[in-house]
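Peer 1: I have a structure I would like to understand better, so I am pasting it below and will then ask my questions one at a time.
The values are calculated or read from the model by the stated rules, or taken from the named source; none is laboratory data. Nothing here was measured: the structure is a model prediction, and the numbers come from that model. In this analysis, Cβ positions are derived from the backbone assuming ideal geometry, glycine residues included, and neighbour counts consider all displayed protein chains. Keep in mind that these areas ignore ligands, DNA and RNA; they rest on the heavy atoms of the full protein, side chains included. Shrake-Rupley method; radii C 1.70, N 1.55, O 1.52, S 1.80 Å.
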Amino acid sequence: GTAQIGVTGLAVMGRNLARNLARNGYATAVHNRTAARTRALVEEFGDEGTFVPSESAEDFVASLERPRRIIVMVKAGDPTDAVIREFAPLLEPGDIIVDAGNAHFADTRRREKELRERGIHFVGTGVSGGEEGALHGPSIMPGGSAESYRALAPMLEAIAAKADDGSPCVAHIGPDGAGHFVKMVHNGIEYADMQLIAESYDLLRHACDLPPERIAEVFRGWNQGRLDSYLIEITAQVLAHTDAETGKPFVDVVLDQAEQKGTGRWTVQTALDLGVPVSGIAEAVFARSVSGHADLREAARGLPGPTPTLLDSAAYDRFADDVEQALYASKIVAYAQGFHQIAAGSAEYGWDVDQGRVAAIWRAGCIIRAAFLDRIRAAFDARGDLPTLLIDEHFSEALQGAQSAWRRVVSTAAELGIPTPGFAAALAYYDSLRAQRLPAALIQGQRDYFGAHTYRRADRPGTFHTLWATESREEVTPS
Ligand code: NDP
């Protein structure tokens, strides 16, 4: 074989990854279950580089130089297993299968183990950036063995997005499912970020009677500062867009029910299993869920709320500044929670993930790319075992500067009856972590009262139970 790398699965994502590889000078073998896609790729884009098309799995494998490098870009789930079943018998020890689809990390761990026993490297790889990213440079999060990463690194570095300092947005995340785990958390953070931005819009929309295109200007202004990010940029564009058919603002004609493909849900499910409080991400998933319950919303629409009050323009400018601060502070919390989950996953599965490198490869190519990620990279580079981003010097100062505005925004939202589950959850998390005492002590008392679940004391070691049903309420130490 002569092709240096192959791609099987040539729908939008696979086709664009193959083109990206070919444009970077790699002879790229291409294959798809339905051969028409393979032919269409070569017909339309054949002049972009060297493509080696095959219609059968056998020919595809034979067209590759060894060790073979095969990127699988098919629909996640059963199709991935089907493709592995088809290709694995044709491969030899040392060959590498890269699964670049959106697999659940637990599936990736299972597949990696099965293939490792047959001497085949399986590299579950997170890819973010959508179809444009796949073509022009995504953020790439490979798991799998260090050995397989060495064989892939030059190609992945060539096709990856480049951060402002020129470094490619790809790094070996860790063994087996580490790459897909980190991609999953990336998507969870993406949900939280989008929800916080949406709440900001909702507040600005209802606090004053301004059209969406004026709010787009506010977002464009924010994008010049510390909130500079892809999601803020596209938010401004969406808000400024007018529906061609009705001439109304686009956001006013779209059905207000947010859909989801499931990676946010996986993040929260996994966080619950690991015992990591990702409340901001969870609220974002729940907010989409609430929006989708049309019948429930219809039934409850008549419930009483406060009388709406509008701000005058001077007050509006101050409020918009407050919202910017609340958004920045809440965003810090969302990322802190996501990175906590990465640290917890890394500890649970023995991945040894370098959080600074994760932040570094999210700086470009992916959906959550933002100037802010360079700050996160710096925070973890300065202290690899940072318990939470919130206590990093830069972020704790930012939170200190933002907290009054943040509190005003959450209380104003409550007074106006505007739902801000993301802002409120983020603030509650911040206040919980910094609290001297939490009412968890009372909960321990309740648990001990009804279930004899015991408690520990703050003043001395041991496990205790109070005999609540007795007159004396004596404290005992259960054996
Ligand atoms: P789809 O998820 O729509 O999958 C279509 C591809 O899967 C086609 O090539 C199809 O082949 C192939 N396929 C489906 N079932 C089988 C099967 N049983 N055996 C062999 N091939 C099969 O394609 P996308 O390009 O949208 O996404 C590819 C992957 O990338 C997915 O895992 C998706 O989750 C992920 N993705 C990632 C994004 C990102 O931003 N990172 C964005 C979008 C997707 P055929 O033509 O024969 O039907």
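Peer 1: For the stretch 245-339, which trypsin sites (Lys or Arg not before Pro) pass both filters: DSSP loop (anything but H, G, I, E, B) and at most 14 other C-beta atoms within 10 Å?
Peer 2: 261, 301
Peer 1: Quick one: longest stretch of the chain between exposed loop GluC sites (Glu not before Pro), exposed meaning at most 16 other C-beta atoms within 10 Å and loop per DSSP?
Peer 2: By the stated rule (loop sites, at most 16 other Cβ atoms within 10 Å), 260-470.
Peer 1: For the stretch 270-351, list log₁₀ I(q)/I(0) at each q in 0.12, 0.25, 0.26 Å⁻¹, using the Debye formula over Cα point scatterers of equal strength and ignoring solvent, two decimals each.
Peer 2: Once normalised to I(0) and log-transformed, intensities are -0.64, -1.09, -1.11.
Peer 1: Here is a further query. Quickly work out the residue 75-to-residue 455 label distance, labels modelled 7 Å from Cα along the C-beta direction, and quote it in nm with one decimal.
Peer 2: 5.4 nm
Peer 1: At 222 nm, what helix-only mean residue ellipticity would the chain give, in deg cm²/dmol to the nearest 500, using -39500 (n - 2.57) for each DSSP H run of four or more? Could you put the intermediate results ahead of the total?
Peer 2: Numbers: 20 runs with 266 residues, N = 479.
That calculation yields -17500 deg cm²/dmol at 222 nm.
Peer 1: Computed FRET efficiency, Cβ-Cβ of residue 48 and residue 374, R0 30 Å: what is it to the nearest 0.05?
Peer 2: For R0 = 30 Å, the calculated efficiency reads 0.40.
Peer 1: Further question: Taking only the alpha carbons of the stretch 310-349, what extent do you get along each of the three principal axes, in Å, biggest first?
Peer 2: Largest to smallest, the principal-axis extents are 54, 13, 5 Å.
Peer 1: Something else now. Going by alpha carbons, how many degrees (0 to 90, nearest 10) lie between the helix axis of 393-416 and the longest principal axis of the chain?
Peer 2: Around 60 degrees separate the two axes.
Peer 1: At 1.306 mPa s and 10 °C, plugging the Kirkwood radius over alpha-carbon pairs of the stretch 75-226 into Stokes-Einstein gives what diffusion coefficient in µm²/s?
Peer 2: 91 µm²/s
Peer 1: Calculate the FRET efficiency for residue 317 and residue 158 from the Cβ-Cβ distance with a Förster distance of 45 Å, rounded to the nearest 0.05.
Peer 2: After rounding, the FRET efficiency stands at 0.45.
Peer 1: Suppose we keep just the alpha-carbon trace of the stretch 434-479; what are its Rg and Dmax in angstrom?
Peer 2: Calculated on Cα positions, Rg and Dmax stand at 11.4, 38 Å.
Peer 1: For the stretch 385-476, divide the Cα radius of gyration by the Kirkwood radius and give the resulting Rg/Rh value with two decimals.
Peer 2: Value, to two decimals: 1.16.
Peer 1: Angle between the Cα long axis of helix 146-159 and the longest principal axis of the chain, 0 to 90 degrees, nearest 10?
Peer 2: Value to nearest ten degrees: 90.
Peer 1: A follow-up question, please. Compute and list, largest first, the equivalent-ellipsoid semi-axes of the stretch 1-108 from the alpha carbon gyration tensor, each √(5λ) rounded to a whole angstrom. Before the final figure, lay out each step's value.
Peer 2: On the way: eigenvalues 81, 50, 31 Å².
For the stretch 1-108, the ellipsoid semi-axes come out as 20, 16, 12 Å.
Peer 1: Would you list the P(r) distribution for the stretch 61-157, with all Cα-Cα distances sorted into 10 Å bins from 0 and each bin expressed as a whole %?
Peer 2: Pairs per bin, as whole percents: 16, 52, 30, 2.
Peer 1: Here's a follow-up. Once the Cα gyration tensor of the chain is found, what semi-axes does its equivalent ellipsoid get, as square roots of 5 times the eigenvalues, in whole Å, sorted largest first? Let's see the in-between values first.
Peer 2: Working: eigenvalues 370, 202, 83 Å².
Three semi-axes, in Å: 43, 32, 20.
Peer 1: I would also like to ask the following. Hey, which of these cross-link pairs are over 26 Å Cα-Cα: 183/331; 248/331; 162/331; 261/331; 75/183; 162/183? Before the final figure, lay out each step's value.
Peer 2: Working: 183/331 18 Å; 248/331 31 Å; 162/331 24 Å; 261/331 22 Å; 75/183 16 Å; 162/183 18 Å.
Listed pairs above 26 Å: 248/331.
Peer 1: With every protein chain kept in place and ligands, DNA and RNA left out, what is the accessible area per residue of the chain? Probe 1.4 Å, answer in Å².
Peer 2: 48 Å²
Peer 1: Oh, and also: Quick one: check the C-alpha center-to-center distance for the stretch 433-479 versus the stretch 18-52, whole angstrom.
Peer 2: Centre-to-centre (Cα) distance: 66 Å.
Peer 1: Over the Cα atoms, compute the radius of gyration (one decimal) and Dmax (the largest Cα-Cα distance, rounded to a whole number) for the stretch 276-324, in Å.
Peer 2: 16.2, 42
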